[in-house]
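Colleague: For reference, the structure I am asking about is given below.
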Amino acid sequence: MIKLNKTLATFALAGSVAAMSAPAMARDTISIVGSSTVYPFATVVAERFGTKTDFKTPKLESTGSGGGMKLFCQGIGTQHPDITNASRRMKTSEYELCQKNGVTDITEFRIGSDGIVIASSKDAENLDITLKQLFLALGSKVPVDGKWVANPNKNWSDVDSSLPNKPIRVMGPPPTSGTRDSFNELALAAGCDELPEAANLGKDEHGAICESVREDGAFIEAGENDNLIVQKLIGDTDMYGVFGYSFLEENADRLQAATLNGMVPTAEDIAADKYPVARSLFFYVKKAHVGVVPGIQEYVSEFTSNAAMGQNGYLKDVGLIVPPRDQLMNLMDKSENMPNLAMEELK
């Protein structure tokens, strides 16, 4: 497998793009923000694009999915990003923010799949855990004698005697990350819903309790750099980490994945949505910038090409779980026609 670390080590991370006041002065480099999970894949595409075409290599910034959406939706003009990557789908609130600020024409591309894993050093005691147990370990509030109280569990074994008798310490992404959003929804909320007490929660209470991570030090926010989590796990056998499957695969010689609900994550099970914490990856294009900033449509065509996302494509080589052929053909068609994303599609 091609190693992403070598690619990322040589890739220049973009700073902020200078504002331009008129199309004649528009910048000549594509500006891309967003998900740290999609970032490595977009980086590979950007480098290939810059090498094989006459366009400049796009500049990428890893801001997290939420941070990227906020920047993307701030407005039209070359002081704003052209594309944002996301490790979860755009929220209706983000779509409304875009519309409010004049970003009315947006095209969505679902580029493949990823799974969220709980990982540790290969020298650590591995976890075999259910989503229910995971919630009881990391939820901000858990039921005790029928009441929701601040999580009292200090050790994994406090949750269940089958789990390791050592402190709960998990490093993961911040609230601005799409990985965090997906983890809260697909892992924590799913585990919470297995508790009988969850059935009595109202909608707002459910979101506040079931998708809320404890803040007493058991869960440690690591910023948007998933590689930092990997390095921490390698150096600390009592720590567990939350990140995308691609980072686990990239470091398979040093890390191991926990078993979740009886399943060890594999590319095949993630692609088939069998793994309990599988999710889709996306990028969004600001159509008003196409034709103003050179190369946007050509970059999108490269990203959605058979050479990049086919079954033998270079993105599969670096860990992306690529879409099946029929979905890839739809993406290629999208790259040509750039259909507008409608609010109804997000509901």
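The values are calculated or read from the model by the stated rules, or taken from the named source; none is laboratory data. Worth saying up front: this structure is predicted, and the values here are computed from it rather than measured. Cβ: placed from backbone, ideal geometry, glycine included. Neighbour counts: every protein chain shown. These accessible areas exclude ligands, DNA and RNA; they are computed on the full protein's heavy atoms, side chains included. Shrake-Rupley method; radii C 1.70, N 1.55, O 1.52, S 1.80 Å.
Colleague: Counting each pair of different Cα atoms once, what's the Kirkwood radius of segment 284-329 in Å, rounded to one decimal?
Modeller: So the Kirkwood estimate lands at 11.5 Å.
Colleague: If you average the alpha carbon positions of segment 67-91 and of segment 275-347, how far apart do those two centres end up, in angstrom?
Modeller: Distance between centres, Cα-based: 16 Å.
Colleague: Against the longest principal axis of the chain, how steep is helix 39-52, in degrees 0 to 90 to the nearest 10, with axes from Cα atoms?
Modeller: Orientation of helix 39-52: about 20 degrees from the principal axis.
Colleague: Still on this model: Past the 17 angstrom mark, what percentage of all C-alpha to C-alpha distances in segment 128-228 do you count?
Modeller: 50
Colleague: Express the relative contact order of segment 119-207 as a whole percentage, based on alpha carbon pairs under 8 Å and six or more residues apart in sequence.
Modeller: Answer for segment 119-207 is 31 percent.
Colleague: Taking only the alpha-carbon positions of the chain and ignoring solvent, what does the Debye formula give for the base-10 log of I(q)/I(0) at q = 0.15, 0.16 Å⁻¹?
Modeller: So the normalised log intensities work out to -1.25, -1.38.
Colleague: With charges set only on the Cβ (+1 for Lys and Arg, -1 for Asp and Glu), what does the dipole of segment 138-266 come to about its Cα centre, in debye to the nearest 20?
Modeller: Charge dipole, segment 138-266, about its Cα centre: 280 debye, nearest 20.
Colleague: Take the Cβ-Cβ distance between E185 and D54 as r, set R0 to 51 Å, and report the resulting FRET efficiency rounded to the nearest 0.05.
Modeller: Efficiency, rounded to the nearest 0.05: 0.75.
Colleague: Let me ask something else about it. Heavy-atom accessible area per residue, the chain, 1.4 Å probe: how many Å²?
Modeller: Computed with neighbouring chains in place, this is 42 Å² per residue.
Colleague: Let me ask something else about it. Give, in nm to one decimal, the length gained when the segment between A150 and E197 is fully stretched (0.36 nm per residue of separation minus the Cα-Cα distance).
Modeller: Contour length minus the Cα-Cα distance gives 15.4 nm.
Colleague: Determine the share of the chain's accessible area contributed by carbon and sulfur atoms, expressed in whole percent, with a 1.4 angstrom probe.
Modeller: Answer for the chain: carbon and sulfur cover 49 percent of the accessible area.
Colleague: Oh, and also: So for segment 198-281, averaging the separation of alpha carbon pairs under 8 Å that are six or more residues apart and normalising by length, what relative contact order in percent results?
Modeller: 13
Colleague: Seen from all sides and averaged, what is the projected area of the convex hull of the Cα atoms in segment 237-347, in nm²?
Modeller: Mean shadow area of the hull around the Cα atoms is 9.6 nm².
Colleague: So, one more: Put +1 on the Cβ of every Lys and Arg and -1 on every Asp and Glu Cβ in the chain; which of T237, P174, C73 then has its Cα farthest towards the positive end of the dipole?
Modeller: C73
Colleague: Is there a quick way to get the dipole size of the chain? I mean about its Cα centre, with the Cβ of Lys and Arg at +1 and of Asp and Glu at -1; what is the value in debye to the nearest 20?
Modeller: So the magnitude is around 640 debye.
Colleague: For the chain, what does the relative contact order come out to in percent, with C-alpha contacts under 8 Å and a separation of six or more?
Modeller: 26
Colleague: Roughly what % antiparallel, to the nearest 5, for the DSSP beta bridges in the chain?
Modeller: Once the DSSP bridges in the chain are tallied, antiparallel ones form about 70 percent.
Colleague: Further question on the same structure: Viscosity 1.306 mPa s, temperature 10 °C: Stokes-Einstein D of segment 71-204 from its Kirkwood Cα radius, in µm² per second?
Modeller: 89
Colleague: Given a Förster distance of 51 angstrom, what is the FRET efficiency for D28 paired with A208, based on the Cβ-Cβ distance and rounded to 0.05?
Modeller: Computed FRET efficiency for D28 and A208: 0.65.
Colleague: Could you tell me which of the pairs K286/K316; K147/K232; K59/K203; K132/K166 are separated by over 29 angstrom between their Cα atoms in the structure shown?
Modeller: Check vs 29 Å cut-off fails for K147/K232; K59/K203.
Colleague: Here's another thing I want to ask about it. Highest first, please rank the peptides 39-49, 194-204, 98-108 by the mean number of other Cβ atoms sitting within 10 Å of their residues.
Modeller: 39-49, 98-108, 194-204
Colleague: What is the extension gain from Q74 to K166, computed as 0.36 nm multiplied by their sequence separation minus the C-alpha to C-alpha distance, in nm to one decimal?
Modeller: Additional length available on full extension: 28.6 nm.
Colleague: Enter the angle in degrees (range 0 to 90, nearest 10) between the Cα long axis of helix 325-337 and the first principal axis of the Cα atoms of the chain, meaning the one along which they spread out most.
Modeller: Once rounded, the angle reads 40 degrees.
Colleague: Only helical DSSP H runs with n ≥ 4 go in: add -39500 (n - 2.57) per run for the chain, normalise by residue count and round the 222 nm mean residue ellipticity to 500 deg cm²/dmol.
Modeller: -8500 deg cm²/dmol
Colleague: Something else about it: Give me the number: length gained by fully extending M343 to Q311, i.e. 0.36 nm times residue separation minus the C-alpha to C-alpha distance, one decimal in nm.
Modeller: Contour length minus the Cα-Cα distance gives 8.4 nm.
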